[in-house]
Amino acid sequence: MDETLPWFRALPADQRSWVMLVAQAGVRSLVEWLRSGGTVAADTQEISDEVFAAAPRALARVITLTQTVQLIKVTIDVAEAEVIGFAAEGESGLLLAAILRFSREIAFSAARVYARAAESRGAWDARLQALLVDALLRGDSSDVLASRAAALGWVDTPPVAVVVGRSPGGDLSAVLHAVYRAARRARLEVIAGVHGDRLVAVVGGAGAPVATAAALAASFGDGPIVVGPAVPSLDQATESARAALAGFRAAPAWPGAPSPVSADDLLPERALAGDMDARRQLRNDVFAALTRAGSGLMETLDAFFAAGGVLESAARELFVHPNTVRYRLRRVAEVTGLSPLDGRDAFTLRMAMSIGRLDPAG
C-alpha cells in the first residue's frame, strides 16, 4: 500500500494503523474461512462483515469508497502473489479461486459498510434540514441558522430566496432527492424540507427568484408555488420565508396567479389575509410614493376608479382635459411601478390607497 498508493502515505499514523487492522483482519478471516471449508455463502458474508468491524466507524468518513476499493485490490494482489509459496502442490488454482470468491464477499461487505454510512448520513442530513426549515419558519436568530447550515455544508451563495409550495407527498427522501436533482441541474445551492403538507426550499444563487423557482417547480406538488424576495444571505432568509409563507396562504384568493409567483405580487391578498408586512409594504412603498409625488395623483386615481376606468368621465369629474388624466396615470406608473390601466395593478393601487388612508401614520 505504501509503495503503490500515494494518498495512503499521506494519511496520519492512526488512520494508517486502522487500515492495517482491517487488512490483517481480512487475512485472518480468509484463513479461518478456508479452514472451515469455505462452502457456506452465509458464513462468508458473516466473516467478511467482521473484517470491517475491526476498524472504527470514523474510517468510513476518512477514506472514500474508491480508496477502499484500491486498498482491497492491493491486499488481494499481494495474497494472490503469495499463493505459490503457500499452496500445497496442485492446489494453487483452488486457492486462487477461493481467494477470488472471498474477495468478492469482501467487496460486497465494503459496499454494505459505505451504504449504511450513507444512509445514516442521509437520515442525519434530512433531520438537520428539517430543523433548519423549522428555524426559518419560526424566525430563529441568524446564529442558529448559520450553525445548522454549516453542519449541512451550505455555501452561502447570494442572493438567497425561499420557495414554498405543496409537497407532492410520498417518501420524504424521494421528495427531497427530486429537489436536489433539479437544483444540481440548475446549478443552485439548496436546502429543503417538508413542513406539514408544504415543501420549503431555501435556494442560494437565486439572482432571478421567480425563474429560480421555475427551475424547481417539477419537484413540487399541485397548487401555487410562491417565492419570497431575494435577500443577501441566509442570515436574512427569515424575511424571505415569512413573505413566501404568507403568499402561499393567500394565493388561493388569486385563482389566476401564475405559478411560480412572487410573494410581492400577492401583496393585496396577503394584506386581506392579515399579513402586517404586506400591509406595511403597500402603505410605505405605494401610498407614500403617491403622497410624495403630489400633483393630484391621488385625486386622479379616485376619479378614474370611480368612473370605472373611463378617462373622459374621470376628466369631466376633475374638470381637466383627458390628456391631463393620461399624463397623471403615467406618472402613477412611474412613481409606483403599477399601471392604473392594468386590472391587477389597479387592484393593488386601490388596496394601497385604502390601507394608507386607514393608517396614514403607520
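Numbers below:
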| quantity | calculated |
| --- | --- |
| Residue count, the stretch 214-258 (criterion: within 24 Å of residue 352 (Cα to Cα) and polar (S, T, N, Q)) | 1 |
| Pairs with Cβ under 8 Å, 6+ apart, first in the stretch 60-83 and of a type in the set (A, V, I, L, M, F, W, C), second part of a helix (DSSP H, G or I) and open to solvent by 60 Å² or more (accessible area, probe 1.4 Å) | 79/27; 83/96 |
| Test set (1) farther than 30 Å from residue 222 by Cβ; (2) modelled with pLDDT of 95 or more; (3) of a type in the set (A, V, I, L, M) - residue 253 fails condition number | (1) |
| Output for the stretch 2-19, where each listed residue is surrounded by 14 or more Cβ atoms within 10 Å (Cβ to Cβ), among the hydrophobic types (A, V, I, L, M, F, W, C) and either at positive phi or in a helix (DSSP H, G or I) (or both) | 8, 18, 19 |
| Count - residues of the stretch 279-312 that are on the phi < 0 side of the Ramachandran plot and hydroxyl-bearing (Ser, Thr, Tyr) | 2 |
| Selection within the stretch 216-228 - within 16 Å of the chain's Cα centre (by Cα) and surrounded by 17 or more Cβ atoms within 10 Å (Cβ to Cβ) | 216, 219, 220, 225, 226, 227, 228 |
| Test: residue in the stretch 313-320 that is under 37 Å from the mean Cα position of the chain (by Cα) and at negative phi | no |
| The listed residue being open to solvent by less than 60 Å² (accessible area, probe 1.4 Å), part of a helix (DSSP H, G or I) and not aliphatic (A, V, I, L, M), out of 309, 356 | 356 |
| Cβ-Cβ under 7 Å pairs, at least 6 apart or on other chains, the stretch 244-271 side without any contact (Cβ under 8 Å) to a residue 24 or more places away in the chain, far side open to solvent by 10 Å² or more (accessible area, probe 1.4 Å) and outside any helix (DSSP H, G or I) | 269/254 |
| Pair list, Cβ under 8 Å, 6 or more apart: the stretch 312-329 residue free of Cβ contacts under 8 Å to residues at least 24 places away in the same chain, other residue open to solvent by 90 Å² or more (accessible area, probe 1.4 Å) and of a type outside the set (Gly, Ala, Ser) | 315/321; 318/299 |
| Set 316, 328: member being open to solvent by 30 Å² or more (accessible area, probe 1.4 Å) and touching a Ser or Thr at 6+ places or on another chain (Cβ under 6 Å) | 328 |
| Evaluation of residue 296 against (1) out of contact with any Pro (no Cβ under 8 Å at 6 or more places or on another chain); (2) touching a residue at least 12 places away in the same chain (Cβ under 8 Å); (3) open to solvent by 30 Å² or more (accessible area, probe 1.4 Å) (one fails), failing number | (3) |
| Inter-residue pairs, beta-carbon under 9 Å, first acidic (Asp, Glu) and in the stretch 179-208, second open to solvent by 50 Å² or more (accessible area, probe 1.4 Å) and modelled with pLDDT of 90 or more, 6+ apart | 197/166 |
| Breaking point among (1) over 34 Å from the mean Cα position of the chain (by Cα); (2) at pLDDT below 80, for residue 27 | (2) |
| Hey, residue 133 closer than 30 Å to residue 239 by Cα, at pLDDT below 75, open to solvent by less than 40 Å² (accessible area, probe 1.4 Å) and among the hydrophobic types (A, V, I, L, M, F, W, C) or not | yes |
| When residues of the stretch 176-195 are limited to those that are open to solvent by less than 70 Å² (accessible area, probe 1.4 Å) and out of contact with any strand residue (DSSP E or B) (no Cβ under 6 Å at 6 or more places or on another chain), the one nearest to residue 206 (Cα to Cα) | 186 |
| Answer from 251, 257, 244, 213 - the residue that is buried (at least 20 other Cβ atoms within 10 Å of the Cβ), assigned to a helix (DSSP H, G or I) and touching an Asp or Glu at 6+ places or on another chain (Cβ under 9 Å) | 251 |
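The values are calculated or read from the model by the stated rules, or taken from the named source; none is laboratory data. This structure is a prediction, so every number in the text was calculated from the model and none was measured. Cβ sites come from the backbone with ideal geometry, for glycine too, and all protein chains shown count toward neighbours. With ligands, DNA and RNA removed, areas are computed over all heavy atoms of the protein, side chains included. Shrake-Rupley method; radii C 1.70, N 1.55, O 1.52, S 1.80 Å.
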